[in-house]
Amino acid sequence: MEKTLSVVVSCYNEELALDQFYKETASILKSLDWDYELIFVNDGSQDNTMEVLTQLSEGDEKVKVISFSRNFGHEAAMIAGLDYSKGDGIVCMDADLQHPPEYLPEIVKKLTEGYDVINMVRTKNESAGWFKNLASSAFYHLINVLSDVKFEPNASDFFAISKKAGKVLKDNYREKVRFLRGYVQNIGFRKTTIEYEARVRVAGESKYSIKKLIAFSLNTIMCFSNLPLKLGIYAGCGAGVLGLVMMIYTIWSWARVGTPNGYATTIVLICFMFAVLFLIVGVIGNYIAILFAELKDRPIYIVGETKNVEE
Ligand code: UDP
Ligand code: MG
């Protein structure tokens, strides 16, 4: 029996990119030995993304559309795509053609060979700019130091998984504060990588601001490591040693010079101590926020309407 490839594409305000994305991707998908379904997830776009997607779905029954009731974020869009996928292999990719569809034949080849996880590793990212590239590599270094999970540096939201791996992700990785790329690294199975050169965004602009990226990185580190929670223990020990040294020094200088030690030292110490203290409280606060989101158990996404999808 012919196998099917599910391609999951998350779209947030991508009206300008979608026609070209569809044209390039569909023509490559049609040339494959596998059948395909193209699942577009409209993540609450405010532009004409839904109109463009509706048009595409009317012209091609293999185009399926899941439209959210509002913007839930890229991570929610990807898991929704997985939830609706029926294929023997699943590929996640962006709508802006930064993830080049010409790698799809190679991906299908790896899936046919029996790999369950295919990490697409970026060798070049022309459009990101030096700051984003530096921040991204710093993030991967940090998370690899802090977490037991081994992250593929320069991994992206361009990856492919087998039906078996997809089922594990759908059934068991339903965390509210999410990082699908990390779960993909976490599930084991037969893994391989394919290197690719990221293209420049075909149209429109990036939806990830620096502020969003920082918040996202912090949450991800905390979801994959408990070490920041233990910061308090190390900081406490450090402060204790510092306090002891200061005490000995104060007694010594008081014995020698006879005057108690200065105002400046006090201020510096207070500032330093409070900085450490607030940092630790902030870290604990963020863990509580993650726990709270989990406890409330609100849906990861809400579907408003669908096209070409039988419920
Ligand atoms: N995206 C989404 N929901 C969001 C933000 C982004 O579905 O809230 C989609 C976006 O349409 C694109 C992909 O996620 O297909 C990656 O976003 P973008 O290209 O803006 O990020 P960058 O490539 O600049 O990191
Ligand atoms: Mg992009």
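The values are calculated or read from the model by the stated rules, or taken from the named source; none is laboratory data. Since this is a predicted model, take the numbers as computed values, not measurements. Virtual Cβ from ideal backbone geometry, glycine too; neighbours counted across all protein chains shown.
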Looking across the range 69-87 at residues that are touching an Asp or Glu at 6+ places or on another chain (Cβ under 8 Å) and part of a helix (DSSP H, G or I), the single one that is nearest to D35 (Cα to Cα) is M78
Within the range 217-227, does at least one residue satisfy the condition of being of a type in the set (A, V, I, L, M, F, W, C), exposed (fewer than 11 other Cβ atoms within 10 Å of the Cβ) and on the phi < 0 side of the Ramachandran plot?
no
Identify all residues within the range 191-214 that are part of a helix (DSSP H, G or I) and either among the basic types (K, R) or surrounded by 12 or more Cβ atoms within 10 Å (Cβ to Cβ) (or both); write none if there are none.
K211, K212, L213, I214
If you check every pair at least six apart or on different chains, which have Cβ atoms under 7 Å apart with a residue in the range 249-272 that is among the aromatic types (F, W, Y) first and a residue that is exposed (fewer than 10 other Cβ atoms within 10 Å of the Cβ) and at pLDDT below 75 second?
W254/P260
Of the residues in the range 198-255, those that are over 30 Å from I290 (Cα atoms) and among the charged types (D, E, K, R) number 2
Determine, yes or no, whether I221 is assigned to a helix (DSSP H, G or I), touching a Cys at 6+ places or on another chain (Cβ under 9 Å) and not charged (D, E, K, R).
no
Pick from L142, L134: which is aliphatic (A, V, I, L, M), at pLDDT 90 or above and part of a helix (DSSP H, G or I)?
L142
Selection count, the range 93-104, where residues are within 16 Å of ligand 2 (Cβ to nearest atom), among the charged types (D, E, K, R) and not in a loop (DSSP other than H, G, I, E, B):
1
Restricting the search to the range 291-303, which residues are modelled with pLDDT under 95 and either surrounded by 14 or more Cβ atoms within 10 Å (Cβ to Cβ) or within 20 Å of K64 (Cα to Cα) (or both)?
A293
Kindly indicate whether D33 is modelled with pLDDT under 95 and away from ligand 1 (no atom under 11 Å from the Cβ).
yes
Of all residues in the range 199-218, which are polar (S, T, N, Q) and either outside the structural domain of H141 (by TED's automatic domain parsing) or more than 10 Å from ligand 1 (Cβ to nearest atom) (or both)?
S217
(1) away from ligand 2 (no atom under 16 Å from the Cβ); (2) in a helix (DSSP H, G or I) all hold for G188 apart from (2)
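Going through I66, I118, I90, I107 one at a time, which residue ends up being surrounded by 15 or more Cβ atoms within 10 Å (Cβ to Cβ), in a helix (DSSP H, G or I), in the same structural domain as L16 (by TED's automatic domain parsing) and not acidic (D, E)?
I107
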Please find, within the range 1-28, the residue that is farthest from the chain's Cα centre (by Cα) out of those that are among the polar types (S, T, N, Q) and within 16 Å of ligand 2 (Cβ to nearest atom).
Q20
If you go through the range 200-246, how many residues are away from ligand 2 (no atom under 16 Å from the Cβ) and either in contact with a Lys or Arg (Cβ under 8 Å, 6 or more places away or on another chain) or not aliphatic (A, V, I, L, M) (or both)?
17
When the range 252-276 is checked residue by residue, the ones that are β-branched (V, I, T) and at pLDDT 80 or above are T266, I270, V276
Restricting to the range 29-59, and then to whatever is more than 16 Å from A95 (Cα to Cα) and surrounded by fewer than 14 Cβ atoms within 10 Å (Cβ to Cβ), can you tell me which residue is farthest from ligand 2 (Cβ to nearest atom)?
D33
